[in-house]
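Encoded as structure tokens, the structure appears first; notes follow it.
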Amino acid sequence: MLIRLSVSLCSLFLIFAGAAGATDNLGVLGSKPKWEVLEHYQSTITHDEFAHLINDVYCTHGIPDGLIKIDNDSAEILTNCESGKVFTLHFAPDSNSNAHIPRLWRPATSLPRAKPNRPLAGLRIALDPGHLGGKWAKMEERWFQVGDSKPVQEGDLTLCVARLLATRLRDLGAKVSFVRNDDEPTTAKRPDDFRELARKILIRNGVPQPRAEVLDSSDPEKEKTIRWQSEILFYRYSEIRRRAVLVNFKLHPDLVLCLHFNAEGWGDPTSPMLTDTNHLHLLVNGSYLADEPEFDDQRLEMIRRLLSRAYEEELSLADTIALAMSRETGLAPYAYPTTNSTTKVGTSGYVCARNLLATRLYRCPVVYCEPYVMNSNDVFARIQAGDYEGTRNSNGVERKSIFREYADSVADGLIEYYSKARGSGD
């Protein structure tokens, strides 16, 4: 589900420096950046490719002066906003350079040819079912219920899809791992661990005496409470950062599939508004807000992702998967109400670039799927029908369960992409 932050909440976080040190300008729960890792990328990218990726992919909304200076032979990247220190990245002399790009993931073109019935043979795929579900769903505000019907909890829906998808992908030869395979958090932290940090954030942002608890879930002032802020720090930031540790240091996939369901505003979750609107889109990393690269850690994460060349792989994957999903679901592409945080990319019409925490931190290609509007009349009915084999009549049409439709359409896109990219053998 898309995270729709209010302006006030964005401001609370964007001007808060992390706790690693007074001179570190960090994002929320960010770690002190290790700029020395970029030494491994020296002379691995040309001037033109670097400039293209900076201007046309990652910083499409502009970038503050002084952060990145591109010359003919090198780029000077500011490593610390306070000290003014820079890292000099030397460009490759030409596009025929044989310099090795350091990365643990493997592009499709580097994989051996596969048999036609096992086009994903040897491919390492990590499935990341979005959110938590279970008892955490209400805290995350990923829960609603219509009357006495079964509650809709996004984290449970995505986990169901992931388990079905895993079976299908393994049959196709992939090595599948889960970033989350139950409804418990991957982080060991809990909201109470962040109460003091939440209090400091609120005070720093103009709430001198923050209230401790949320008195009413519909209270417009709830964002200014320690409880609400500590929960955000737990399930959005600590949880995603822990998932990134698992992806980067344990799972080492060639691709992460982030599985989500979308939603329109539903108002009171105990009496939600249903809609006839339904749509589909996918996300890849890029389109950073102009001030996001000002954070030292985000700037390094952006540059490292750029140098790994994840973008070309994930965009091609996302376009192919999007078209397969659109054929299966019949959904129209989602149109963002504003282009301030996204940029339309690719050729399918369904893919946008956006700087989300997961798409930035996972050090491999990431395809972030956002099909279906959970509180649309059609999708709600299909969710209530649950999972089933074969087809059933839904609004006058014979259809698979929504979970199998989702899983099969993603698998079909992967088959198409990898069959073409790696070729097939006998």
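The values are calculated or read from the model by the stated rules, or taken from the named source; none is laboratory data. Everything numeric in this text was worked out from a predicted model, so none of it was measured. Note: ideal-geometry Cβ built from the backbone for every residue, glycine included; neighbour counts use all protein chains shown. All accessible areas refer to the heavy atoms of the entire protein, side chains included, with ligands and DNA or RNA removed. Shrake-Rupley method; radii C 1.70, N 1.55, O 1.52, S 1.80 Å.
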remark   = The answer for the per residue Cα convex hull volume of the stretch 219-269, in Å³, is 103
message = For a bin width of 5 Å, list the pair-distance distribution of the stretch 116-169 built from all Cα-Cα distances, rounded to whole %.
response = 4, 18, 21, 17, 13, 10, 7, 6, 3, 1
ask   = Say the cut-off is 19 Å between C-alpha atoms; which of K34/K85; K135/K189; K85/K200 go over it?
value = K85/K200
task = Given the peptides 296-303, 246-253, arrange them by the average over their residues of other C-beta atoms within 10 Å, most packed first.
result = 296-303, 246-253
key: Efficiency of FRET from Cβ geometry, D276 and L215, R₀ 41 Å, rounded to 0.05   = 0.75
request  = Compute the Rg/Rh shape ratio of the stretch 178-235: radius of gyration over Kirkwood radius, all on alpha-carbon atoms.
outcome  = 1.07
query = What residue among Y58, L127, L202 has its Cα farthest toward the positive end of the dipole of the chain, where the charges are +1 on Lys, Arg and -1 on Asp, Glu, each on the Cβ?
reply = L127
note = Scalar couplings 3J(HN,Hα) for the stretch 137-150 by Karplus 6.51 cos²θ - 1.76 cosθ + 1.60 (θ = phi - 60°), nearest whole Hz, x for Gly and Pro, are 4, 5, 4, 6, 6, 10, 9, 8, 9, 9, x, 9, 5, 5
ask   = Using the Kirkwood formula over every pair of different C-alpha atoms, what hydrodynamic radius in Å results for the stretch 91-137?
value = 15.1
Nitroxide proxy distance, nm - points 7 Å out along Cα→Cβ at Y388 and D291 = 5.1
ask   = Going toward the positive end of the dipole of the chain, with +1 on Lys and Arg Cβ and -1 on Asp and Glu Cβ, which of G267, A99, G286 do you reach last?
value = A99
note = From most to least accessible, 1.4 Å probe, no ligand or DNA/RNA atoms counted, E313, E196, E82 line up as E82, E196, E313
request  = Work out from phi, with θ = phi - 60° and the Karplus expression 6.51 cos²θ - 1.76 cosθ + 1.60, the ³J(HN,Hα) of each residue of the stretch 374-380, listed in order in whole Hz, and give x for Gly and Pro.
outcome  = 4, 9, 7, 4, 5, 5, 4
message = Given all pairs of different Cα atoms, what value in angstroms does the Kirkwood hydrodynamic radius of the stretch 77-160 take?
response = 18.8
ask   = HN-Hα J couplings of the stretch 259-270 from phi, Karplus 6.51/-1.76/1.60, θ = phi - 60°, integer Hz, Gly and Pro as x?
value = 9, 9, 10, 8, 7, 9, x, 10, x, 5, x, 8
task = In square nanometres and to one decimal, what's the mean projected area of the convex hull around the Cα atoms of the stretch 287-371?
result = 5.6
inquiry  = Based on C-alpha coordinates, I'd like the Rg and Dmax of the stretch 179-293, in Å.
reply    = 17.5, 47
inquiry  = Give me the percent of accessible area attributable to carbon and sulfur for the stretch 56-155, probe 1.4 angstrom.
reply    = 46
inquiry  = How high is the relative contact order of the chain? Use alpha-carbon pairs under 8 Å, at least six apart in sequence, and give a whole percent.
reply    = 22
ask   = For T343, which sequence-distant residues (separation of 5 or more, or a different chain) have an amide H within less than 5 Å of its own amide H, given hydrogens modelled in the peptide plane?
value = A353
key: Kirkwood Rh (inverse of mean 1/r, distinct Cα pairs), the stretch 117-227, angstrom   = 16.9
query = At a Förster radius of 51 Å, what calculated FRET efficiency corresponds to the Cβ-Cβ distance of K420 and D192, to the nearest 0.05?
reply = 0.50
query = Sorted by mean Cβ packing within 10 Å, highest first, what order do the peptides 225-232, 54-61, 369-376, 187-194 take?
reply = 369-376, 225-232, 54-61, 187-194
inquiry  = Please report the antiparallel percentage of the DSSP beta bridges confined to the chain, to the nearest 5.
reply    = 50
ask   = Once amide H atoms are built 1.01 Å from N in the peptide plane, which residues 5 or more positions from A332, or in another chain, come under 5 Å H to H?
value = L280
request  = List the residues whose amide H sits under 5 Å from the amide H of T275, counting only those 5 or more places along or on another chain, with H placed 1.01 Å from N in the peptide plane.
outcome  = S376, N377
ask   = What's the center-to-center distance, using Cα atoms, between the stretch 40-77 and the stretch 205-237 in Å?
value = 38
inquiry  = If the elastic network links every pair of Cα atoms under 10 Å, which of A290, A310, A407 fluctuates the most in the Gaussian network model of the chain?
reply    = A290
note = Net charge (Lys, Arg +1; Asp, Glu -1) of residues whose beta-carbon lies under 13 Å from that of R242, R242 excluded, is +3
key: For the chain, built as a Gaussian network whose Cα springs stay under 10 Å, the top-fluctuating residue of L165, L331, L255   = L331
note = Computed on Cα atoms, the radius of gyration and Dmax of the chain in angstrom are 21.9, 70
query = For labels at N96 and E82 in the simple 7 Å Cα→Cβ model, what's the distance in nm?
reply = 4.9
request  = Sequence neighbours fewer than 8 away in the same chain don't count; with that in mind, list the aspartates and glutamates whose C-alpha is under 18 Å from K115.
outcome  = D171, D412, E416, D426
note = One finds, for A381 and A335 with R0 = 22 angstrom and r their Cβ-Cβ distance, a FRET efficiency to the nearest 0.05 of 0.35
query = Plugging the Kirkwood radius over Cα pairs into Stokes-Einstein for the stretch 303-422, at a temperature of 4 °C and a viscosity of 1.567 mPa s, what D comes out in µm²/s?
reply = 82
